[in-house]
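The values are calculated or read from the model by the stated rules, or taken from the named source; none is laboratory data. Just so it is clear, the model here is predicted, and its values are computed rather than measured. Cβ placement follows ideal geometry from the backbone for every residue including glycine, while neighbour counts extend to all protein chains displayed.
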Amino acid sequence: MGPFATMFLADKGADVIKVEAPGGDITRNVGRSPGHGMAPVFQHINRNKRSIVLDLKSKRGKAILLDLVKDADVVVYNMRRAAMDRLGLGYEALQAINPKLVYCGFAGFGHDGPYSDRPAYDDVIQGLVGIPDLMQRGSGAEPRYAPLAIADRIVSLYGLNAIMMALFEQRNIGRGAAIEIPMFESMAHFVLVEHMFYRSFDPPLGQSVSPRPVDLNRRPYQTADGYICVLPYTDLHWQRLFIAICREELIADQLYCSFERRIENVQSLYRILSDALLERSTGDWLAVFDKVDVPAGRMNSIDDLIDDPHLNSVNFFKPVIDDLGSCFIHIDVPIGDGSAAEAKLRPAPRKGQHSAQVLGELGLSEADQATLFAENISQDDPDRTRSSIEPKLG
């Protein structure tokens, strides 16, 4: 979560120093890569950062981190608060040396609840907030997790938002902050905005779970030659769609004449749509819906998505060649502000790639650095002497 949240900060020019244990970030090895420890997910979320290796369980490693904290705006960590306290790196300890520090921690659960000491990862949180239950309701099959690290990514964005608000206060009031971003509570908020539904009232007006998202007929619809995704939403959308599928009489049908009535009769409405779309090809329907301005799209595979003409036309994919000559295709963050993002894009760091650089900035001599490397308190980049190519966009 921390790496994804700080990726956005690094993309906008923040000097993000990734502090890794001697064993390195576990995501470095989630998949193959041309270079050791540079797996795809790791590279996507750690670009534009620097890496230093520090053994924080050692006195010297901890002292070096504290030196870094003195001039830092933000510290982000991915562990339970108690673990940071045991390392002597809790908020009180760091705030004492940097009163303006924004201290942001991602953890499974809030520290003041009964689950606070439990470990948690994405699948565990998905289960606790009911995502497999929703997947089962919407498919009629066995419960399943969403097939991506949805909790990690969403909670990261909650954290990014909190960091930016805290930085705003830091700049305007001169005050730091301790921020806790619990996965469980954050994802519960994300899910229940939609699915607390009638239990949002006291007394309840009905059951939880919004019916439209979990209706079995809410799915990509089969056409004569494939699938299409279509979502008429407003009254005007539905009127245009009814005309397009030659069911004009439904415009005045009391079952479907308003948003409220369509929600109440969503099962029969989706069945009508499902049956009608079987009659023509995906391409035909896309042309029809585009002409009448009804939201619709093709059901892409992931490979289709990577090859999508729109994404390629807006330069969504950005090949970058690192200093060892390896090319990696980064994906854009689609937040345009007119700046030249290409000029800032740098490859994700190898483990300890910037250890010597960062230690030098802290005033440690080459002899001191050599001692730290020899004692495995820090690690140097073994490829540093082979680096001969300036990182660049491909």
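For every residue, the table says whether it meets (1) in a helix (DSSP H, G or I); (2) among the acidic types (Asp, Glu); (3) within 18 Å of LEU160 (Cβ to Cβ).
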position: MET7; (1), (2), (3): yes, no, yes
position: ALA14; (1), (2), (3): no, no, yes
position: PRO34; (1), (2), (3): no, no, no
position: ILE45; (1), (2), (3): yes, no, yes
position: ARG50; (1), (2), (3): no, no, no
position: LYS62; (1), (2), (3): yes, no, no
position: ASP85; (1), (2), (3): yes, yes, no
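Report those helices (runs of 4 or more DSSP H) wholly inside the range 276-361 carrying at least 2 residues which are surrounded by fewer than 19 Cβ atoms within 10 Å (Cβ to Cβ), more than 23 Å from the chain's Cα centre (by Cα) and outside the structural domain of GLY13 (by TED's automatic domain parsing). I'd like the intermediate steps shown before the answer.
Values: elements: 282-292, 302-306, 309-313, 355-361.
Passing ranges, in order: 282-292.
From the list ASP123, ASP133, ASP117, exactly one residue is out of contact with any strand residue (DSSP E or B) (no Cβ under 9 Å at 6 or more places or on another chain) and in a loop (DSSP other than H, G, I, E, B). Which is it?
Working: ASP123 fails: in a loop (DSSP other than H, G, I, E, B); ASP133 fails: in a loop (DSSP other than H, G, I, E, B).
One residue alone meets the criteria, ASP117.
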By residue number, the members of the range 254-264 that are assigned to a loop (DSSP other than H, G, I, E, B) and exposed (fewer than 15 other Cβ atoms within 10 Å of the Cβ) are GLN254, LEU255, SER258
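If you take the residues of the range 198-217 that are over 28 Å from the mean Cα position of the chain (by Cα) and part of a helix (DSSP H, G or I), which of them is farthest from LEU269 (Cα to Cα)?
From the range 198-217, those over 28 Å from the mean Cα position of the chain (by Cα) are 198-199, 201-207, 217; that's our starting set.
Imposing the further condition that a residue be part of a helix (DSSP H, G or I) reduces the set to 198-199.
Details: TYR198: 22, ARG199: 25 Å.
Per the criteria, the residue is ARG199.
In the range 139-148, is there at least one residue being in a helix (DSSP H, G or I), at pLDDT below 95 and more than 21 Å from CYS104 (Cβ to Cβ)? Quick ask: steps written out before the conclusion?
First, the residues of the range 139-148 that are in a helix (DSSP H, G or I): 139.
Checking the rest, the ones that are also at pLDDT below 95 come to 139.
Among the residues that remain, those that are also more than 21 Å from CYS104 (Cβ to Cβ) are: 139.
Yes, some residue in the range 139-148 is in a helix (DSSP H, G or I), at pLDDT below 95 and more than 21 Å from CYS104 (Cβ to Cβ).
Let's see how each residue does on (1) within 22 Å of TYR121 (Cα to Cα); (2) surrounded by fewer than 23 Cβ atoms within 10 Å (Cβ to Cβ); (3) assigned by TED's automatic domain parsing to the domain that holds ILE154; (4) under 19 Å from the mean Cα position of the chain (by Cα):
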{"residue": "ASP25", "(1), (2), (3), (4)": "yes, yes, yes, yes"}
{"residue": "VAL30", "(1), (2), (3), (4)": "yes, yes, yes, yes"}
{"residue": "SER33", "(1), (2), (3), (4)": "no, yes, yes, no"}
{"residue": "GLY37", "(1), (2), (3), (4)": "yes, yes, yes, no"}
{"residue": "VAL41", "(1), (2), (3), (4)": "yes, yes, yes, yes"}
{"residue": "HIS44", "(1), (2), (3), (4)": "yes, yes, yes, yes"}
{"residue": "SER51", "(1), (2), (3), (4)": "no, no, yes, no"}
{"residue": "LEU54", "(1), (2), (3), (4)": "no, no, yes, no"}
{"residue": "LYS57", "(1), (2), (3), (4)": "no, yes, yes, no"}
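State yes or no: is LYS62 among the basic types (Lys, Arg), surrounded by fewer than 22 Cβ atoms within 10 Å (Cβ to Cβ), out of contact with any Cys (no Cβ under 9 Å at 6 or more places or on another chain) and at negative phi? Give the steps one after another, and end with the answer.
Numbers: among the basic types (Lys, Arg): yes; surrounded by fewer than 22 Cβ atoms within 10 Å (Cβ to Cβ): yes; out of contact with any Cys (no Cβ under 9 Å at 6 or more places or on another chain): yes; at negative phi: yes.
It is true that LYS62 is among the basic types (Lys, Arg), surrounded by fewer than 22 Cβ atoms within 10 Å (Cβ to Cβ), out of contact with any Cys (no Cβ under 9 Å at 6 or more places or on another chain) and at negative phi.
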Restricting the search to the range 350-377, which residues are among the polar types (S, T, N, Q) and in contact with a Lys or Arg (Cβ under 8 Å, 6 or more places away or on another chain)? GLN353, GLN357
Only residues in the range 151-175 that are in the same structural domain as ASP73 (by TED's automatic domain parsing) count as the first member; pair them with residues that are part of a helix (DSSP H, G or I) and surrounded by fewer than 17 Cβ atoms within 10 Å (Cβ to Cβ), Cβ under 7 angstrom, at least 6 apart or cross-chain, and list the lot. ARG175/GLU169
Within the range 1-40, the residues that are over 19 Å from ASP383 (Cβ atoms) and among the charged types (D, E, K, R) are ASP11, LYS12, ASP15
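Checking the condition crowded, with 16+ Cβ neighbours inside 10 Å, charged (D, E, K, R) and modelled with pLDDT under 95, which residue from ARG240, ARG218, ARG212 passes?
Values: ARG240 fails: modelled with pLDDT under 95; ARG212 fails: crowded, with 16+ Cβ neighbours inside 10 Å.
When all the criteria are applied, what remains is ARG218.
Scan the range 170-188 for residues that are surrounded by 14 or more Cβ atoms within 10 Å (Cβ to Cβ) and in a helix (DSSP H, G or I) and jot them down. Talk me through it step by step, then tell me what you get.
So the first thing to find is which residues in the range 170-188 are surrounded by 14 or more Cβ atoms within 10 Å (Cβ to Cβ), and the list is 170, 176-188.
GLN170, MET183, PHE184, GLU185, SER186, MET187, ALA188, listed by residue number.
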Among the candidates TYR227, TYR233, residue that is within 30 Å of the chain's Cα centre (by Cα), loosely packed, with under 14 Cβ neighbours inside 10 Å and either at positive phi or in the same structural domain as LEU286 (by TED's automatic domain parsing) (or both): TYR233
Among the listed residues VAL124, VAL102, VAL75, which satisfies the condition of being without any contact (Cβ under 8 Å) to a residue 40 or more places away in the chain, buried (at least 19 other Cβ atoms within 10 Å of the Cβ), in the same structural domain as GLY176 (by TED's automatic domain parsing) and β-branched (Val, Ile, Thr)? VAL75
